[in-house]
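Visitor: This is the structure I want to talk about, given as C-alpha cells.
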Amino acid sequence: MAYRATLKDVAAAAGVSVTTVSLVLNNRPARVSEEKRRVIADAAKKLNYVPNQSARSLVTKQSQLVALIVPDIENLFFAAFAKCVEDECAAQGYSLIVANSDDSRATEHELLQRLPARGVDGVMLIPARESCAGDAVGRLREDVALVSCPVVLIDRLTQCGWCDAVGFDNYLGGRLAAQYLLEGGHTRIGIVTGDIAELSAAERRRGFVDAIEQSGKHFDSALCAEGDYRFGSGYRAADQIIDGGATAVFCCNDVMALGFRQRMAERGLRVTEDMQVIGYDNILKRFGLGWRMTTVEQSVTDLAAACWDMLRGRIDVSVHTKSGVDSVAARPWLSDPQVEVLTPKLVQAACS
C-alpha cells in the first residue's frame, strides 16, 4: 500500500508546526505570512497530502457526506436528478452517496437505518411508492423521526407537513397539459397516470381532469389508464386509449410517452397527424431522446438546487443533535418543517 502523507510530514517539509499546517490547510485564522502559506501549500502538493476526513469529522462533527435515496435509479428523471444533486454537493465540498430503494418500503426502511449509521450529515429522500399510501406513510414518518441528521423529502409526500420537503406543483402541471391539448382543439383526451395511490400522481391527474371539465368538456374515464412511469406501461396503455377514440393523450412522464409512441408507430399512427402526445418531466433531451416531444417540464436542475439549499441550511443544526441533544424540538426539519413548491412549465416542441 502506498504511503499516505500526514500533517506531520507536511509540517516537517515546510519547517513549521503541525498546528500551523492544520490551521492553514483548513483555512482557519492564523498569524502566518503569505510566503509561509505558499511554502505549506507547496509542501502539501509535493507530498500529495490528502486530508483525513475521518479525523476531521471528529473535530467538526461533520463528515462532508450526504445521502440521496431514490426509488428507481434506472428512471431517467431520478438518474438526472442524482447527477444534478451531486454537482450541487461537490461545489461545496460534499460527497454524495446514492442509494436505490427499488420503490420498496422494506429496502427504504433499511437504508434509513444504515446510511445515518455511516455518519452522513443529511439525507435527501424520494419516498418509495410503497411508502406513499395508507399506514405505510406513518411507518415512514417513524423511520424519519429516528434519523438524527436532517432529512428532506423530495417529489413525493411533499405536502405531508411533518418534514422538510421540496417538490413541484403537480396539480398545475396536470392543468398545463390539459390546457395545451384543449387549445389544440381536442375534446377526447386520454391520460396515462402514475400510481394514483401516490399523491403527486393523483394531483397530476386531478389538475388534468379539472381543466377539462372546467372548460365545459366531458372527461371520459374510459380514456384513463394507470401506469407506473415505465416504458412498458405507456406501451400497454396505448391500445385502450387509441381504441377509445382519443385524439390526444397526456402521459404523466416522458418515458411512458415514449412507450405510447412506440405502440402508435406499430399501429401505423403518426404523432400530431393522427394523435397528439404530450409528456411530463422534459428529461429525454438530456439523454439524446425525444427532441420532438411537447412536455411539461420539472427542471431537475432547479429541484436539485432547491433541495441542496434546504438541506445545507439544516446541516449545522445536526451538530447539536449529534452532541447529545436528541429531541424533535432540536430538529427543526421535523418541529418546524419548510416546504418549497416549484412551478412546472410547458415546453412545446417545434413539431410534436
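Visitor: Order these peptides, 247-255, 83-91, by their mean beta-carbon neighbour count within 10 angstrom, highest first. Before the final figure, lay out each step's value.
Guide: Details: 247-255: 27.7, 83-91: 17.1.
Those peptides, ordered most packed to least, come out 247-255, 83-91.
Visitor: Here is a further query. Cα axis of helix 76-91 to longest principal axis of the chain: angle in degrees, 0 to 90, nearest 10?
Guide: 20 degrees
Visitor: Taking amide H positions as placed in the peptide plane 1.01 Å from N, state which residues far from residue 227 in sequence (5 or more) or on other chains have amide H under 5 Å from it.
Guide: HN-HN under 5 Å from residue 227: 193, 194.
Visitor: Still on this structure: Kindly rank 35-42, 102-109 from highest to lowest mean number of other beta carbons found within 10 Å of each residue. Walk me through the intermediate numbers first.
Guide: Values: 35-42: 15.1, 102-109: 18.0.
For the peptides 35-42, 102-109, the packing ranking is 102-109, 35-42.
Visitor: HN-Hα J couplings of the range 125-135 from phi, Karplus 6.51/-1.76/1.60, θ = phi - 60°, integer Hz, Gly and Pro as x?
Guide: Working through the residues one at a time gives 10, 9, x, 5, 4, 5, 9, 9, 8, x, 5 Hz.
Visitor: Oh, and also: Calculate how steeply helix 199-214 sits against the longest principal axis of the alpha-carbon atoms of the chain, using the helix alpha-carbon long axis, and give the answer as 0 to 90 degrees to the nearest 10.
Guide: Relative to the chain, helix 199-214 is tipped by roughly 40 degrees.
Visitor: Quick one: which residues, 5 or more positions from residue 151 or on another chain, have an amide H under 5 Å from its amide H? H modelled 1.01 Å from N in the peptide plane, none for Pro or chain starts.
Guide: 123
Visitor: How would 148, 335, 233 rank on accessible area, largest to smallest, probe 1.4 Å? Let's see the in-between values first.
Guide: Details: 148 40, 335 65, 233 10 Å².
Order by accessible area, largest first: 335, 148, 233.
Visitor: Taking the 0 to 90 degree range and rounding to the nearest ten, how far is the long axis of helix 231-243 tilted relative to the main principal axis of the chain, both from C-alpha atoms?
Guide: Computed tilt is about 20 degrees.
Visitor: If packing is taken as the average number of other Cβ atoms within 10 Å across a peptide's residues, how do 272-280, 162-170 rank, most packed first? Provide the component values of the computation, followed by the final result.
Guide: Values: 272-280: 20.9, 162-170: 24.1.
Ranking the peptides 272-280, 162-170 by packing returns 162-170, 272-280.
Visitor: Lysine pairs, Cα distance under 19 Å, 8 or more residues apart or cross-chain: how many in the chain? Walk me through the intermediate numbers first.
Guide: Details: 8/36; 8/45; 8/46; 36/45; 36/46; 61/322; 83/285; 285/345.
Summing the qualifying lysine pairs gives 8.
Visitor: Could you provide, to the nearest whole Å², the per residue accessible area of the chain with probe 1.4 Å? If you can, show how the numbers build up before the last one.
Guide: Details: 16360 Å² over 352 residues.
Averaged over the residues of the chain, the accessible area is 46 Å².
Visitor: Moving on to the next point. If I compute semi-axes √(5λ) of the Cα gyration tensor in Å from the structure I just sent, which labelled value in (i) 33, 31, 14; (ii) 48, 23, 16; (iii) 32, 27, 18 lines up?
Guide: (ii)
Visitor: Okay, next question. If amide H atoms are built 1.01 Å from N in the plane of the peptide, which residues on other chains or at least 5 residues away come under 5 Å of the amide H of residue 297?
Guide: Result for residue 297 returns 281, 345, 346, 347.
Visitor: Just from its helices, what would the mean residue ellipticity at 222 nm be for the chain, if runs of 4 or more DSSP H residues each count -39500 (n - 2.57) and the sum is divided by every residue, rounded to the nearest 500 deg cm²/dmol? Show your work: numbers first, answer last.
Guide: On the way: 13 runs with 160 residues, N = 352.
Using -39500 (n - 2.57) per qualifying helix, the result is -14000 deg cm²/dmol.
Visitor: A further question on this structure: When DSSP assigns beta bridges and you keep just the ones with both residues in the chain, what percent turn out antiparallel, to the nearest 5?
Guide: Numbers: 3 of 37 bridges.
Once the DSSP bridges in the chain are tallied, antiparallel ones form about 10 percent.
Visitor: Please give the per residue volume of the convex hull enclosing the alpha carbon atoms of the range 7-51, rounded to a whole number of Å³.
Guide: Details: hull volume 2.7 nm³, N = 45.
Per residue, the Cα convex hull of the range 7-51 comes to 60 Å³.
Visitor: Given the Cα atoms of the range 170-297, and with Rh set as the inverse mean 1/r over their pairs in the Kirkwood sense, what is Rg to Rh to two decimals? Write down the numbers at each step before the final one.
Guide: Details: Rg = 12.9 Å, Rh = 14.0 Å.
Computed over Cα atoms, the ratio is 0.92.
Visitor: Quick check: at a probe of 1.4 Å, how many percent of the accessible area of the chain sits on carbon and sulfur atoms?
Guide: On the way: 8100 of 16360 Å².
For the chain, the apolar C and S fraction of the accessible surface comes to 50 percent.
The values are calculated or read from the model by the stated rules, or taken from the named source; none is laboratory data. Model, not experiment: these values are computed from the prediction. Counting neighbours? That spans all protein chains shown, and the Cβs are built from the backbone with ideal geometry, glycine included. Each accessible area value is taken on the protein alone, full model and side chains, heavy atoms only, with ligands, DNA and RNA left out. Shrake-Rupley method; radii C 1.70, N 1.55, O 1.52, S 1.80 Å.
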